[in-house]
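A.B. asks: Starting off with a structure, shown below.
The values are calculated or read from the model by the stated rules, or taken from the named source; none is laboratory data. Note that this is a predicted model, so its numbers are computed, not measured. Quick reminder, even Gly has a Cβ in these numbers, built from the backbone with ideal geometry, and neighbours come from all protein chains shown. These area figures cover heavy atoms from the full protein model, side chains too; ligands, DNA and RNA do not enter into them. Shrake-Rupley method; radii C 1.70, N 1.55, O 1.52, S 1.80 Å.
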Amino acid sequence: MQNLKDKVAAVTGAASGIGRMLAVNLAKEGCEVAIADLDQAGLEETANMIDDKKIKVSTHLVDVANRDQVYQFADDVQTQHNRVDIIINNAGVGLSETLEDVKYEDFDWLLGINLWGVIYGSKAFLPYLKQRPEANIVNISSVHGLFTNRNVGPYCTSKFAVRGFTLALTQELKNTSVKVSCVHPGGIKTNIVRNTRFYKGSNPDMTHADAVAGFDKLAHTSADKAAQIIIRGVKKNKARILVGFDAHVYALTQRLFPNLWQRLMSRL
């Protein structure tokens with residue numbers, strides 16, 4: 001999809017972070033945007049950040065873990081914009097706890113947003129996307145969809161699953177007008193770690209504040225830059241989009257030395 005002008009993109013998790021900047025940068029390309037989140041105030045802030053007031057922006061209060069709400073979101077976008085060309089399943093949350101001790105309620109909460117939100121979004125929008133001469137499904141995984149770390153097992157589980165779902169969907173839609181991208185961001189300057197449900201870090205003495213401070217030191221890519229990279233990838237119909245220099249390093253190292261990399265990450 002080389003030209004985004006006059007296209008319509010739906011973006012989940014758009015009240016902040018990467019989702020917000022995706023909406024802003026898509027609008028700069030001349031693309032109408034339908035933005036969804038549970039944070040109504042955040043959605044309004046995102047809408048107000050779009051400078052070109054000629055660009056149509058619709059806001060939608062959606063819990064992506066709720067199948068009915070996601071399907072209603074797809075219907076509403078089609079009704080309000082008369083078409084939809086891109087769905088970006090971006091909404092995501094974090095959880096820091098061992099797999100042994102994680103509560104099922106917390107695991108269900110995380111999978112509902114990170115995995116089922118992607119599945120619902122892809123399936124709900126697909127019938128509308130297939131009506132278009134060209135369309136895109138963009139699912140946000142993570143570098144933790146490429147390798148694992150201790151005490152973020154639930155998060156890794158969801159992101160590996162997003163990767164597998166997206167790769168399979170890519171194969172199934174190969175001969176259609178719908179292109180599929182799986183996105184693997186590295187350390188992006190967002191609030192995901194601050195908003196993480198934190199129980200235990202990767203060492204016994206780590207606090208939530210320590211985890212936030214450590215992440216802030218490692219996160220070198222801004223949400224704005226991440227959004228620009230993703231949009232460039234969508235315009236090239238790239239099946240895999242790595243976001244940030246660290247993501248490229250992680251992906252290459254994991255591919256060349258998978259066992260060594262896993263052992264190294266467990267020590268870190």
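A.B. asks: With a Förster radius of 25 Å, plug the Cβ-Cβ distance of F257 and H220 into 1/(1 + (r/R0)^6) and report the FRET value to the nearest 0.05.
C.D. replies: It comes to 0.65.
A.B. asks: Please report the net charge: other residues with Cβ closer than 14 Å to the Cβ of E97, K and R +1, D and E -1.
C.D. replies: In short, -1.
A.B. asks: Further question on the same structure: Determine the sum of side-chain charges near Q131: Lys and Arg each +1, Asp and Glu each -1, restricted to other residues whose C-beta is under 14 angstrom from that of Q131.
C.D. replies: Counting the neighbours of Q131, the net charge comes to +1.
A.B. asks: For D205, D85, give the ranking by accessible area with the largest first, probe 1.4 Å.
C.D. replies: Heavy-atom accessible area, descending, gives D205, D85.
A.B. asks: Per-residue accessible area for M1 at 1.4 Å probe radius, Å² rounded to 10?
C.D. replies: Rounded to the nearest 10, that gives 0 Å².
A.B. asks: If you plug each phi of region 190-204 into the Karplus form 6.51 cos²θ - 1.76 cosθ + 1.60 with θ = phi - 60°, what whole-Hz ³J(HN,Hα) values come out, in order, with x for Gly and Pro?
C.D. replies: Couplings: 10, 9, 4, 6, 4, 8, 5, 6, 10, 10, 9, x, 6, 9, x Hz.
A.B. asks: Now a separate question. From the residues L252, M206, Q69, which one has its Cα farthest along the dipole of the chain in the positive direction, the dipole being from +1 and -1 charges on Cβ of Lys/Arg and Asp/Glu about the Cα centre?
C.D. replies: With unit charges placed on the Cβ atoms, the residue in question is L252.
A.B. asks: Another question about this same structure. So what is the relative contact order of the chain, in percent, for Cα pairs below 8 Å that sit 6 or more residues apart?
C.D. replies: Reported relative contact order: 19 percent.
A.B. asks: How do 194-204, 127-137 rank on mean C-beta neighbours within 10 Å, highest first?
C.D. replies: Taking the mean over residues of other Cβ atoms within 10 Å, the ranking is 127-137, 194-204.
A.B. asks: Using only the heavy atoms of the protein chains and a 1.4 Å probe, how would F160, F147, F107 rank by accessible area, largest first?
C.D. replies: F160, F107, F147
A.B. asks: Taking amide H positions as placed 1.01 Å from N in the peptide plane, with prolines and chain starts having none, which residues 5 or more places from S58, or on another chain, fall under 5 Å of its amide H?
C.D. replies: Placed amide hydrogens put V33, A34, I35 under 5 Å from S58.
A.B. asks: Let me ask something else about it. What does the extension gain come out to for S177 and E105, with contour length at 0.36 nm per residue minus their alpha carbon separation?
C.D. replies: That pair, S177 and E105, stretches by 22.1 nm at full extension.
A.B. asks: Quote the accessible area belonging to D106 in square angstrom, nearest 10, computed with a 1.4 Å probe and with ligands, DNA and RNA left uncounted.
C.D. replies: 10 Å²
A.B. asks: Okay, moving on. Placing +1 at every Lys and Arg Cβ and -1 at every Asp and Glu Cβ, with all other atoms neutral, what dipole size does region 206-268 have around its Cα centre, in debye to the nearest 20?
C.D. replies: Roughly 440 debye, rounded to the nearest 20.
A.B. asks: Charges at C-beta only: +1 for Lys and Arg, -1 for Asp and Glu. How large is the resulting dipole of the chain about its Cα centre, in Debye rounded to 20?
C.D. replies: That gives a dipole near 1180 debye.
A.B. asks: Taking a temperature of 25 °C and a viscosity of 0.890 mPa s, what whole-number D in µm²/s does Stokes-Einstein yield for the chain with Rh from Kirkwood over alpha carbon pairs?
C.D. replies: Translational diffusion coefficient: 132 µm²/s.
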